[in-house]
Amino acid sequence: MGFPSGVPYTGTPEQNDILQRQYNRKVEFMKEHKTPIWNGEFGPVYASPDEADYEKINQQRYNLLGQQLKIYKQDHISWSIWLYKDIGFQGMTFLSPDSAYIKLLAPFLAKKKRLGIDKWGRDDKHVKDIYAPLIAHFKQEIPEDIQKKRYPQHWGLEGHIHRVVREMLMSEYLSYEFAEYFRGKSFEELDELAASFKLSNCVKREGLNEILRKDAETA
């Protein structure tokens, strides 16, 4: 519910029950063996201003995160949210749209988003019709029992196809295009690009930070 491909989180009892059941399943081993519980990687992916209704979408995802933290607090578990700083996906802080890095890489980042390269937060609407026939072909030619043999099994055949074709092969080719943006840059220009990541130059994601502050105050 915290990702573009999921249903919107509206806080219904049914959705909260799903969150609780997912949590219970994941901590079953720790509770059985009476070991500490640590969640070191979680957090929604947030919509960017170029997306329709992005403020509404992000508020839903802030609310989702708040509900997760309520569940964690019941068991007093420790956690570390993803993540501290990025270029606009999940971070408590992110690069300013006016930074040298974002301005330089804007065409490439737009292409990367359109192609849905980032597994954890992608939207396949622009490329679904491209991959769907390929997935259908694999499913037709590979017996269903064999489809489940490749590790990790819970990815399913579709997940493995995306990992090999899109997340590895396509991304590998795109890395050359990415590198070209930095060709011929002077030391001063490279230094300015790197300075885009200075905390003092970044933007705070206040909707997220407010949720985290409230959680800390009730610890």
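Taken together, the values in this text are just the output of simple stated rules run on the coordinates, not laboratory data. Owing to the predicted nature of the structure, the values given are computational and were not obtained by experimental measurement. Cβ atoms come from the backbone with ideal geometry, glycine included; neighbour counts cover every protein chain shown.
Before moving on, here are some points about what is shown:
- Relative contact order, percent, segment 62-219 [alpha-carbon distance under 8 Å, six or more residues apart]: 34 percent
- Taking the charge dipole of the chain about its Cα centre, with +1 at Lys and Arg Cβ atoms and -1 at Asp and Glu Cβ atoms, the residue from Ile211, Trp155, Ser96 reaching farthest to the positive side is Trp155.
- Residue-averaged 222 nm ellipticity for the chain, from DSSP H runs of 4+ at -39500 (n - 2.57), nearest 500: -15500 deg cm²/dmol
- Ranked Met168, Met1, criterion: other C-beta atoms within 10 Å, fewest first: Met168, Met1
- Extension gain from Ala52 to Lys111, taking 0.36 nm per residue of separation minus the Cα-Cα distance: 19.4 nm
- Calculated P(r) of segment 100-195 - Cα pairs past 18 Å, %: 57 percent
- Chain lengthening between Ile37 and Asn24 when straightened (0.36 nm per residue, less Cα-Cα): 3.5 nm
- Set Lys26/Lys70; Lys103/Lys198; Lys113/Lys185 screened for pairs whose C-alpha atoms are more than 18 Å apart: Lys113/Lys185
- Fully extended contour minus Cα-Cα distance, from Phe187 to Ala132, at 0.36 nm per residue: 15.3 nm
- Within segment 148-178, backbone nitrogen closer than 11 Å to the virtual label 7 Å beyond the Cα of Ile142 toward Cβ: 148-153, 155-165
- Sites listed here are trypsin sites (Lys or Arg not before Pro) in segment 145-191 whose DSSP assignment is loop and whose Cβ has at most 14 other Cβ atoms within 10 Å: Lys148, Lys149, Arg150, Arg183, Lys185.
- Neighbour cut-off at most 11 other Cβ (10 Å), DSSP loop, GluC sites (Glu not before Pro), segment 9-47: Glu41
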